[in-house]
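Trainee: Mind having a look at this structure? Questions to follow.
Every number in this text was worked out from the coordinates using simple rules, so none of it is lab data. These numbers were taken from a predicted model, which means no experiment stands behind them. Cβ sites come from the backbone with ideal geometry, for glycine too, and all protein chains shown count toward neighbours.
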Amino acid sequence: MGIDKEQFLNPDRRYAIYPIYHSGIIQGAQNADELLDWGYAGLVGNIPYTEDFPHNNEAWNMTEQAYRKLIKKGMHTWIYDENGYPSGSAGGAVIDENPDYTAEGLYCYEYWKTLTGPCRYRADVPGDKLYSALLLPLDGGDPVDVTASQDSRGTLHMDVPEGTYHLFMMSIRRLFDGTHAAESYSEPRNYICLSDKKAAESFIKITYEGYAEKLQDEFGKGILAFFTDEPSLISWNIRQGVYPIVPWHRTFPEKFAEKYNYPIELAVTAVVTKRGNEMIRRRCDFWDFVSDTVAEGYFGTIQEWCHAHGIKLSGHMLEEERLSAHVINYGSYYRSMKRMDWPGIDQLDSEPQYLMDHEKLPIARLAASFADISGEQESFTEFSDHTSRMENKQIGIDWIYSSVNWHFALGINNFTSYYNFSAFTKEQIQKLNTYTARLGFLLRQGKRNSRVALLYPEATIWATYTPSVLERARDFSEATLKVENAFRDISWELLERQIDYDYVDEMLIQEGEVKNGCLCYKDREYKSVVLPAVKILNRKTMEKLEQLLDSGIGVIFAGEMPSLERETGNPCDFPVNMMKYRGNPHFYYSEETTLPGMSKIPALVREMLLVPDSLEYVLTGAEGTGKIVDGEIISGSILSHMRVEGRKRILFLTNMGCKNYKGKVIMRSVNRVETADPENGSMMEASVSWQGKDCYIPVELKPYKGICYIIHD
């Protein structure tokens with residue numbers, strides 16, 4: 001069965017753009033007729049936050065009326081869940097209700113001077129409340145606890161045993177000075193602890209239940225989702241700090257000891273100082289523990305409420321672009337994002353060179369992977385030209401099209417907008433909305449055809465990352481940069497080769513079923529698994545990787561061969577076990593953290609090839625440089641997205657470069673091909689050629705343009 005041409009030409013407006021109205025949904029409803037006329041899908045809004053929120057009944061009633069007016073006119077809506085950002089405090093009402101919900105951090109001070117015992121020593125401690133004071137043996141081993149030597153004034157008077165030590169003090173403080181709480185765009189405001197389930201429940205009671213009381217009958221219908229914005233642990237400084245900070249909650253000591261059977265201060269010591277026994281295991285234990293408290297405490301609590309009320313949870317995280325930031329902000333970004341029904345991103349750039357910035361993770365593909373794996377298939381962006389406006393630049397409409405294309409190519413399909421479109425005509429915005437909706441319709445058919453799984457290297461980054469006093473708690477150590485950069489670079493190398501892939505975790509690999517030469521999980525079928533500079537794995541994952549290789553599934557180790565067990569942190573026999581696969585075409589290992597050309601890595605499955613007609617079509621920059629890897633010319637400016645539905649495939653290509661591109665797609669199992677142009681809504685037969693079993697589909701793309709191909713088997 002083919003694509004409905006009428007639906008492509010005149011798509012459901014739900015797939016167009018949703019402007020965000022932070023001034024309140026009431027203003028948006030007043031502009032409803034104009035929004036309809038300009039082709040928008042609907043809008044994102046919230047109650048107008050007054051000084052007496054959440055007790056202003058008039059504001060709630062007017063908000064209800066506004067949503068119902070928009071829905072009655074045929075528009076769809078989202079609910080933004082906060083007054084400003086980050087989400088969680090309900091404009092301060094949550095902490096006003098209970099100050100115990102205020103986020104705290106453990107400020108960690110390792111005194112630089114060597115203490116040589118035996119001796120008597122005195123030390124004052126950092127504020128506000130000392131949790132633990134330890135003497136760290138410089139010749140190795142576990143610390144000596146001297147917390148009990150604190151007197152009534154808080155000063156330590158300790159007996160230093162024989163040996164040499166550093167004094168390490170951990171103090172509990174409110175997270176405010178220099179953190180996101182003090183530096184937000186909205187206002188300086190105390191913030192909740194994401195690990196505190198009761199704080200999340202209070203946030204729900206004040207905000208979510210207020211909407212439910214008025215509008216629950218429209219949840220999942222006219223109101224599609226709640227949008228939670230940039231919640232994080234905030235246990236880091238936006239500028240240079242004084243002491244390293246780790247996340248904290250008053251329940252941590254008891255719960256951690258119950259789970260791991262040793263005191264949490266030993267894990268914190270390992271995380272901050274890299275000292276003590278079982279250092280690798282303890283570092284992983286700490287972040288593993290924090291990950292669960294955040295995923296279940298904040299995200300899980302809200303998601304469960306949403307499910308009980310028939311609506312989706314959506315939103316985006318903070319500092320999505322950097323792997324080590326995922327650790328300090330969430331423990332596990334991956335685990336928290338799995339509790340988002342419709343995961344999203346914050347894309348403040350519209351200029352193509354910034355969208356294609358290889359110094360950042362391709363966050364759109366990362367977020368959309370969760371929706372593809374879960375089966376929801378809906379993801380979203382908060383997109384705008386914010387960074388350009390901060391530089392007093394007005395971008396052109398072609399760059400906004402380029403941003404739309406970038407999002408769709410990487411898998412994002414719901415567009416909430418902070419753009420100021422005042423520089424453009426009504427007709428231009430109508431066309432932009434129709435274009436977005438056409439792609440939104442077409443690229444929801446079937447499922448993304450990801451045959452490659454890229455492992456999210458969680459245990460490895462837990463083991464390497466050390467919180468610092470640098471701005472944003474950056475860690476520039478060689479070990480951290482190796483895994484962070486390998487993960488980022490391989491992500492982009494797969495995209496440059498037009499390879500559809502998903503980001504997966506160890507749990508997916510462990511739980512996936514091996515059948516028909518694929519690792520299968522729900523509707524996903526992976527033929528290759530890529531591990532980017534992964535040094536640490538769970539034993540069960542190692543065993544599963546051997547099973548994959550024995551079943552003819554590609555396993556690719558780039559930059560590192562896993563050699564440590566997550567369970568113990570100790571060396572294991574996995575590298576030795578992998579030796580038997582050398583020479584096997586499904587096995588690939590290199591000390592390099594980049595991917596070779598196609599001829600040297602048969603373990604990496606390619607469903608299609610994109611080949612430029614000549615080198616001139618991929619040369620970039622004033623010097624005219626291109627990228628050729630082992631004889632393979634890389635079309636790095638072309639992003640792709642392939643979907644499969646029954647006996648047809650849908651291929652979307654977009655040119656993110658600033659020059660014309662001309663080349664050909666090479667595929668097999670092709671009967672005929674149609675083109676679908678989202679700009680004018682036309683669908684027509686494509687002129688293709690064959691060489692043996694290979695079908696050659698011609699590609700011509702002007703800068704920032706996109707085109708779809710419907711490929712019939």
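Trainee: Whole Å is fine, so just give me how far the alpha carbon centre of segment 550-575 lies from that of segment 498-515.
Mentor: Measuring centre to centre over Cα atoms gives 16 Å.
Trainee: Would you compute, from DSSP H runs of 4+ residues alone, the mean residue ellipticity of the chain at 222 nm, taking -39500 (n - 2.57) per run and dividing by the full residue count, rounded to the nearest 500?
Mentor: When only DSSP H runs of four or more count, the value is -8500 deg cm²/dmol.
Trainee: Related question: Given R₀ = 60 Å, FRET efficiency for LYS659-GLU567 by Cβ-Cβ distance, to 0.05?
Mentor: After rounding to 0.05, the efficiency reads 0.70.
Trainee: Working out 0.36 nm times the residue gap between GLU359 and GLU513, then minus their Cα-Cα distance, what length gain in nm do you get to one decimal?
Mentor: Working: separation 154, 0.36 × 154 = 55.44 nm, distance 3.47 nm.
Length gained, GLU359 through GLU513: 52.0 nm.
Trainee: Counting other Cβ atoms within 10 Å, which trypsin sites (Lys or Arg not before Pro) in segment 569-610 have at most 13 and lie in a DSSP loop?
Mentor: Qualifying residues, ordered by number: ARG582.
Trainee: If you don't mind, there's one more thing I want to ask. Kindly identify segment 447-526 as rounded, prolate or oblate by the Cα gyration tensor criterion: order the square roots of the eigenvalues as a ≥ b ≥ c, call it rounded if a/c is under 1.5, otherwise compare a/b with b/c, prolate if a/b is larger, else oblate.
Mentor: In terms of gyration-tensor shape, prolate.
Trainee: Next up: Projected onto the charge dipole of segment 205-351 (+1 at Lys/Arg Cβ, -1 at Asp/Glu Cβ, origin at the Cα centre), which of SER291, MET279, ASN237 gives the Cα projection farthest towards the positive end?
Mentor: MET279
Trainee: Calculate one ³J(HN,Hα) per residue across segment 206-219 by plugging θ = phi - 60° into the Karplus curve 6.51 cos²θ - 1.76 cosθ + 1.60, and present them in order as whole Hz with x for glycine and proline.
Mentor: Karplus values, whole Hz, x for Gly and Pro: 6, 9, 5, 5, x, 5, 4, 4, 9, 9, 4, 5, 9, 5.
Trainee: What does the extension gain come out to for GLU591 and GLN430, with contour length at 0.36 nm per residue minus their alpha carbon separation?
Mentor: Value of the extension gain: 52.9 nm.
Trainee: For segment 104-174, what Kirkwood radius comes out of the mean inverse Cα-Cα distance, in Å?
Mentor: 12.2 Å
Trainee: While we're looking at this one, here's another question. Just in segment 87-153: which chymotrypsin sites (Phe, Trp or Tyr not before Pro) are loop by DSSP and have at most 15 other Cβ atoms within 10 Å?
Mentor: Listed in order of number, the matching sites are TYR111, TRP112.
Trainee: Under the rule of at least 5 residues apart or a separate chain, name every residue whose amide H is placed under 5 Å from the amide H of GLY39.
Mentor: For GLY39, whose amide H was placed from the backbone, there are no distant partners under 5 Å.
Trainee: Let me ask something additional. For segment 224-295 and segment 80-115, compute the distance between their C-alpha centroids and round to whole Å.
Mentor: If we compute the Cα centre of each part, the gap is 14 Å.
Trainee: Hey, got the dipole for segment 104-174? About the Cα centre, +1 on K and R Cβ, -1 on D and E Cβ, debye to the nearest 20?
Mentor: Value, rounded to 20: 320 debye.
Trainee: Only four residue types carry charge here, +1 at the Cβ of Lys and Arg and -1 at the Cβ of Asp and Glu. Report the dipole size of the chain about the Cα centre in Debye, rounded to the nearest 20.
Mentor: Roughly 1460 debye for the chain.
Trainee: Sticking with this structure for a sec: Identify the trypsin sites (Lys or Arg not before Pro) of segment 88-193 meeting these criteria: DSSP loop state and at most 15 other C-beta atoms within 10 Å of the C-beta.
Mentor: In loop regions of segment 88-193 (DSSP not H, G, I, E or B), the sparsely surrounded trypsin sites (Lys or Arg not before Pro) are LYS113, ARG153.
Trainee: Residues with amide H under 5 Å of SER132's amide H, sequence separation 5 or more or different chain, H placed in the peptide plane at 1.01 Å from N; which?
Mentor: Placed amide hydrogens put MET170 under 5 Å from SER132.
Trainee: Would you list which lysines come within 27 Å of LYS540, measuring only between C-alpha atoms, while excluding same-chain residues fewer than 8 positions from it?
Mentor: Qualifying lysines at Cα under 27 Å: LYS255, LYS259, LYS274, LYS338, LYS482, LYS515, LYS522, LYS527, LYS580.
Trainee: Same structure again: Please state the relative contact order of the chain as a whole percent: Cα pairs under 8 Å, 6+ residues apart?
Mentor: Contact order relative to length: 11 percent.
Trainee: How large is ³J(HN,Hα), in whole Hz, for each residue of segment 516-530 in order, when computed from phi with the Karplus curve 6.51 cos²θ - 1.76 cosθ + 1.60 and θ = phi - 60°, using x for Gly and Pro?
Mentor: My calculation for segment 516-530 gives 6, x, 9, 8, 10, 9, 6, 9, 8, 9, 9, 9, 9, 10, 10 Hz in order.
Trainee: In what order do LEU136, LEU9 fall by count of nearby beta-carbon atoms within 10 Å, going from fewest to most?
Mentor: Fewest-to-most Cβ neighbours within 10 Å comes out as LEU9, LEU136.
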